[in-house]
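Peer 1: Okay, here's the structure, questions in a sec.
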Amino acid sequence: MLDQLDELYRDVILDHFKASAHRGEAPGASFRAEGHNPLCGDDLTFTATMKDGRFGQVRFTGKGCAISQATASMFSAQLEGKTVEQTGRLIRAMKALMQGETLEASVDLGDLEALAGVRKFPVRIKCAALSWNAIEQGLQNLHQSRAEGSRP
Amino acid sequence: MLDVTRIRQDFPILARRVHGKPLVYLDNAATTQKPRQVIEALVTYYSQHNANIHRGLHALAEEATAAYEGARERAARFLNAQTRGVVFTRNATEAINLFAQAWGRANLKPGDEILLTEMEHHSNLVPWQLVAQATGAQLRFAQITDDGRLEVERVRRVLTPKTKVVAFTLMSNVLGTITPAAELVRLAHAQGALVLVDGAQAVPHMPVDFAALGCDVLVASAHKMLGPTGVGVLAARPDLLESMEPFLGGGEMIADVQLTSATWNEVPWKFEAGTPHIGGVIAFGEALAYLERLGMANVRQHAMDLTRYALERLAAVPGIMLYGPRDVVQRGGAVSFNLEGLHPHDVGTVLDGEGVAVRAGHHCAKPLMRRLGVAATVRASFYLYNTREEVDRLVEALRAAQAFFNRPVRSAA
Ligand SMILES: Cc1ncc(COP(=O)(O)O)c(C=O)c1O
C-alpha cells in the first residue's frame, strides 16, 4: 500500500501542491475557466492570456486536495504555448492516461505523467479530472462566444 | 461496562485485514458493522420463513408476519413509544420525508415557519425545503455556537407564533453535539409547534425515550445501529399519524379500494405501502435485542470513555483543529477534525492505507461546513466494538500522514 501511496503522491505532485509557480491570476487574461466539484468542495479558476489562438501565461487559483491542486499547477504549465487544437489532444491524452489506455505518442505530458498513479485510486480520478474538465468547458464557452460574436 | 473483547467476536468483519493491516473501522456514523446475530437473522428468515406478510393464510406467511410485527413491538419498547406509532420506512431520510410531506403539505401555508438548525444533515433539511416550496412556508434556522452547541436561548430567539414545526438533530453526525431536546420540545410545544427529532445518530449511541422527550416524531435508521440497510423507523404519536393523510399509496396501506377511491388502513400500516423489507425489519429486531442485552446506558458510557480518550490523544497531535464540544457529556462519539495544510481527502487516503477507515468530506451537512468555515473535515466515529488501541492506531496513522505529506521533496516545478 505504501508503494501505491508513493505512486499516488509522487514528489513532483507534492512539490506542485506546496509551491506552485503557476498559482495566481494571469494579468490581462482573456481566457477564464472554472471548475467546481460540489462533492468534495474543490474549486479551481484558470485565467490565461491568449494570442493568435495560443495560450500565453496560464495561472490558477483554488482550493482542494493535493491531487486537484497539483494537477491544476502541472496543467497550467503544460498549457502555456499550446494551441486550442493541441490542448484538445492533451486533454484526450489525460483522459486516456486515467483509463490506462495507450497514449498518442506525439503528446508530451511533462510533469502530468506523474498522475499515472491516480488510476489505482478510482475515487480520486475526479480530483485530477477537475482541471481538464474546466479547461474543456472554458474552451467551449470561448468557442461559443466567438461564434455568437461573429454572427451578422 | 462493555466486554469489548467478547463483543468484537460477534462481528465477523472486524477480523478483516485492509491493505495488509488489521481493519480499524471508525466510520460508524455512516453505518455500523453487523453482529453475527443480525446476519444470521437475515439468513434464517430467507432460508426458513420467507413469505409476504399480512396477506397469506399459510404457515410461512403467518410466521413472517409474526416476526415482522414482533420487531415493531421491540422497536416500540426500545424507544418507549406505542407500537401503533411505529412505522417502518427505508431509512431515517424516508421517515423525515414521510412526515414532512404527509403532515406538512396538509398543515403548512404561506406565512408559516419551519424551524431547523444550522447543523442538520441534508436529510433533515432538503425534505423541509421541498415542503416549503410546495406550501409557501418559510424556513428559519437556529444558529449554533462556535464550538458547535445548540443553546436553548438561540432557539427561543427564532421561535415565534408562526413556527408550526421544529425539526432538529438529537446528536450531530459531524460534531457529535447532543442537543437539549426535551427542553426544546417544551419550548416548541408552548408555541403550538410540532417537533420532529432526528435520532439517526442519537438512538444508536444513547438511551432515547420517545415519551420522556415528549416530541411528536422521532426517526432513526437501522443500519446505524447494527441493523441492515434499507430499514428506517418513524415513531410518532398514534393520534398524529391518524390525523395525517398517507404518504405513499399502494397495497397494504388500504382498507378498501374502489376504482376511483380508497380508504385507509389503520395506523401504522396506513404508512407502509407495498411490501416492506421484511427480512431487514426482522434482523433489525435482532439488532435491538443485541443492544438491549448490552444496555444502552453501557453503550453510552463506553462512547463517553472512548471519546474522552480520543479527544485527549487527538488534541496532542500537532497542527490539529478539532470541531465540536470538548465535554463528552455534551457529545457523542463522532469526532471531526482537520490537520493543518492537509486536505481531508488526502488524509483519508493515507489513513485507508494504514487500514483505518474514516470519513472525509462534508458529511451531508454542507451548510454546517460553511458555518465552520471549511470545505470538509475528517471524521472518526466510534461504536461499541471500538477500543483505545484503535484510537491509538488512528493517532499513529495521522502522524504517518503528516510525515508522508511533510516529507522533503525534490523540487521540480
Ligand atoms: C443526523 C443524521 N440524520 C439523518 C441521516 C440519514 O440517514 P439515512 O441515510 O440512513 O436515511 C443521517 C445519516 O448519515 C444522520 O447522520
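The values are calculated or read from the model by the stated rules, or taken from the named source; none is laboratory data. All of these numbers come straight from a predicted model, not from anything done at the bench. Neighbour counts are summed over all protein chains in view; Cβ atoms, including those assigned to glycine, are modelled from backbone coordinates with ideal geometry. The area values use the complete protein model at the heavy-atom level, side chains included, leaving out ligands, DNA and RNA. Shrake-Rupley method; radii C 1.70, N 1.55, O 1.52, S 1.80 Å.
Peer 1: Note down the Stokes-Einstein diffusion coefficient of the stretch B:155-235 in µm²/s, whole number, using a Kirkwood radius over alpha carbon pairs, 25 °C, and 0.890 mPa s. Walk me through the intermediate numbers first.
Peer 2: Numbers: Rh = 13.1 Å.
Rounded to a whole number, D works out at 187 µm²/s.
Peer 1: Under 25 Å Cα-Cα from B:LYS109, which lysines qualify once same-chain neighbours fewer than 8 residues away are excluded?
Peer 2: B:LYS162, B:LYS164, B:LYS270
Peer 1: If you put +1 on each Lys and Arg Cβ and -1 on each Asp and Glu Cβ, how big is the dipole of the protein assembly as shown around its Cα centre, in Debye rounded to 20? Before the final figure, lay out the partial values.
Peer 2: Details: 60 positive and 60 negative charges, 159 e Å.
The calculated dipole for the protein assembly as shown is roughly 760 debye.
Peer 1: Pick out, from B:MET225, B:PRO204, B:ALA190, the residue whose Cα sits farthest towards the positive end of the charge dipole of the stretch B:157-240, with +1 on the Cβ of Lys and Arg and -1 on the Cβ of Asp and Glu.
Peer 2: About the Cα centre, the residue reaching furthest to the positive side is B:ALA190.
Peer 1: Compute, for the stretch B:38-293, the length of the dipole vector about the Cα centre, with Cβ point charges of +1 (Lys, Arg) and -1 (Asp, Glu) only. Units Debye, rounded to 20.
Peer 2: Values: 20 positive and 27 negative charges, 96 e Å.
For the stretch B:38-293, the charge dipole is close to 460 debye.
Peer 1: Which three extents, in whole angstrom, do the alpha-carbon atoms of the stretch B:236-276 cover along their principal axes, largest first?
Peer 2: 32, 21, 13
Peer 1: Short version: what are the Cα gyration tensor semi-axes of chain A, square root of 5 times each eigenvalue, largest first, in whole Å? Before the final figure, lay out the partial values.
Peer 2: Working: eigenvalues 138, 55, 41 Å².
The three semi-axes for chain A are 26, 17, 14 Å.
Peer 1: Under the Kirkwood approximation for Rh and a Cα-based Rg, what ratio Rg/Rh is obtained for the stretch B:1-120?
Peer 2: Numbers: Rg = 20.2 Å, Rh = 18.7 Å.
Here the Rg-to-Rh quotient is 1.08.
Peer 1: Can you tell me which of A:ALA70, A:ALA21, A:ALA105 moves the most in a GNM of chain A? Springs connect C-alpha atoms under 10 Å apart.
Peer 2: A:ALA105
Peer 1: Over chain B, what is the mean sequence separation of C-alpha contacts under 8 Å (at least six apart), divided by residue count, expressed as relative contact order in percent? Provide the component values of the computation, followed by the final result.
Peer 2: Working: 819 pairs, mean separation 93.4, N = 413.
Once normalised by length, the contact order is 23 percent.
Peer 1: Take every DSSP beta bridge whose two residues both sit in the stretch B:38-293, then give the antiparallel share in percent to the nearest 5.
Peer 2: Working: 13 of 29 bridges.
Among the beta bridges of the stretch B:38-293, antiparallel pairing accounts for roughly 45 percent.
Peer 1: Run the numbers on the stretch B:377-413: which residues show a drop of 30 Å² or more in accessible area, chain on its own versus all protein chains together, using a 1.4 Å probe over heavy atoms?
Peer 2: The answer is B:PHE404, B:PHE405, B:ARG407, B:VAL409, B:ARG410, B:ALA412, B:ALA413 - residues whose exposure falls by at least 30 Å² when every protein chain is included.
Peer 1: Got the relative contact order for the stretch B:200-331 handy, in percent, Cα pairs under 8 Å and 6 or more residues apart?
Peer 2: Details: 135 pairs, mean separation 28.6, N = 132.
The value is 22 percent.
Peer 1: How big is the protein assembly as shown by Rg and Dmax over its Cα atoms, in Å?
Peer 2: 26.9, 81
Peer 1: Taking the Cα centre as origin and putting +1 on Lys and Arg beta-carbons and -1 on Asp and Glu beta-carbons, what dipole magnitude results for the stretch B:1-92, to the nearest 20 debye? Walk me through the intermediate numbers first.
Peer 2: Working: 13 positive and 8 negative charges, 72 e Å.
So the dipole magnitude of the stretch B:1-92 works out to roughly 340 debye.
Peer 1: On a straight-distance basis, which aspartates and glutamates could pair with B:LYS21 in a cross-link, Cα separation under 18 angstrom, same-chain partners fewer than 8 positions away excluded?
Peer 2: Filter leaves A:ASP3, A:ASP6, B:ASP352, B:GLU354, B:GLU389, B:GLU390, B:ASP392, B:GLU396.
Peer 1: How much accessible area per residue does the stretch A:2-149 have, counting only protein heavy atoms and a probe of 1.4 Å, in square angstrom? Mind showing how you got there, number by number?
Peer 2: Values: 6750 Å² over 148 residues.
With all protein chains present, the stretch A:2-149 gives 46 Å² per residue.
Peer 1: Moving to a separate point now. On average over all directions, what projected area in square nanometres does chain B have, based on the convex hull of its Cα atoms? Before the final figure, lay out the partial values.
Peer 2: Details: hull surface 91.9 nm².
Answer in nm², one decimal: 23.0.
Peer 1: Considering lysine pairs in the stretch A:2-149 that are 8 or more places apart or on different chains, how many have Cα atoms under 18 Å apart? Don't skip to the end; give the middle numbers.
Peer 2: Working: A:LYS18/A:LYS63; A:LYS51/A:LYS82; A:LYS63/A:LYS126; A:LYS82/A:LYS95; A:LYS95/A:LYS120; A:LYS95/A:LYS126.
Lysine pairs meeting the criterion: 6.
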